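Just below is one structure, and these are the notes that go with it.
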Amino acid sequence: MILSTKAIVLHSIPYSDSKTIVTLYTKEEGLMSAMYRIGKKSTKKSLIEPSSLVSVVLKKSKGTLLYINDIATYFVFRNIYLDAEKRLVALFMAEAVYRTTKAQYRDTQLYDFLEQSIQQLDALTLSPINFAIAFLIEYGRHLGIYPNMDTYSVKTYFDMQNGVFVETANDKNTLSVEQSSCFASVLNSDTDTILQQNYNIDEVNMIFDMIIEFLELHLPEFRFIKSLDIIRQVI
């Protein structure tokens, strides 16, 4: 089998001195892992950086093992590798998808969303951290995890377990009125509006906490995203 497809690099781990296992989100087949032969001093290591947008030719070897037969960048980053915050957010985005996407089938809408998000991050002139917030919200929406905003009204509580706003706080998974109001405000904002906000450190941490806690309840894998801790340190 030979497959030629566009792909987003999500994760890579060394297998030996000359081989690396690369996890890709491909446009044609969804999530796939493949072996990539690469030397220690090879300049091609940059091709498998997290969030890299590449064209690959995948070839099946013995059994079910896939090999990357050819790989090339189809979108060259202008800023991500030169901006520490952008590079960190690119890593965070790739890790979030790697930890939570299990789809081994074609989903061109999700692929196009991820591709566009990475390209937007590269061209961004505003806060990369705010962009990470907007990305999480939209990514959750693509996964079908999004609150019912029709239930929101002033002085209601957000029930994270059921994804609705309620008049009475009923358990530990319910946000306070103040938190619920902030959460609703962020959710009702589009990406451009979120990017324009001048959040302070406490506000950013609170927003991340609320979004991650909500997503964790529905996708437990979110709790294992290590790069989020690094983002918190650089805010």
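We did not get these values from a lab; they are worked out from the coordinates using the rules stated. Quick caveat: nothing in here was measured; it's all calculated off a predicted structure. Heads up, the Cβs are rebuilt from the backbone with ideal geometry, glycines too, and the neighbour counts pull from every protein chain shown.
Which GluC sites (Glu not before Pro) in region 155-219 pass both tests, a DSSP loop state and at most 10 other beta-carbon atoms within 10 Å? Walk me through the numbers before you get to the answer.
Numbers: sites: Glu167, Glu178, Glu203, Glu213, Glu216; in loops: Glu167.
Within region 155-219, the qualifying GluC sites (Glu not before Pro) (loop, at most 10 other Cβ atoms within 10 Å) are Glu167.
Here the dipole of region 46-197 is about 700 debye; that uses its Cα centre as origin and unit charges on the Cβ of Lys and Arg (positive) and Asp and Glu (negative). Ordered by the count of other Cβ atoms within 10 Å of each Cβ, fewest first, Thr20, Thr168 give Thr168, Thr20. Any of Lys19/Lys86; Lys27/Lys60; Lys27/Lys226; Lys44/Lys102; Lys59/Lys86; Lys27/Lys59 with alpha carbons more than 21 Å apart? Name them for me. The answer is Lys19/Lys86; Lys27/Lys226; Lys44/Lys102; Lys59/Lys86.
How would region 2-73 be classified by its alpha-carbon gyration tensor: rounded, prolate or oblate, with rounded meaning a/c under 1.5 and the a/b versus b/c comparison settling the rest? Verdict is oblate for region 2-73.
For the chain, relative contact order (Cα pairs under 8 Å, six or more residues apart, normalised by length) works out to 16 percent. By the count of neighbouring beta-carbon atoms within 10 Å, fewest first, His11, His142 end up ordered His142, His11. Shown here for region 131-177: trypsin sites (Lys or Arg not before Pro) in loop regions (DSSP other than H, G, I, E, B) with at most 13 other Cβ atoms within 10 Å, namely Lys155, Lys172.
Using the beta-carbon distance between Arg37 and Ile230 and R0 = 35 Å, what value does 1/(1 + (r/R0)^6) give for FRET efficiency, to the nearest 0.05? Taking R0 as 35 Å, the efficiency between Arg37 and Ile230 is 0.70.
The ranking of Phe158, Phe113 from fewest to most other beta carbons within 10 Å of each one's beta carbon is Phe113, Phe158. Applying both filters, DSSP loop and at most 15 other Cβ atoms within 10 Å, to the trypsin sites (Lys or Arg not before Pro) of region 21-101 gives Lys40, Lys41, Lys62, Arg78. Relative contact order of region 126-234, taken over Cα pairs closer than 8 Å and 6 or more residues apart, is 27 percent. For region 126-234, the convex hull spanned by the alpha carbon atoms encloses 104 Å³ per residue. Between Ser46 and Gln196, residue separation times 0.36 nm minus the direct Cα-Cα distance comes to 50.8 nm.
DSSP assigns beta bridges within the chain; of those with both partners inside it, close to 95 percent run antiparallel.
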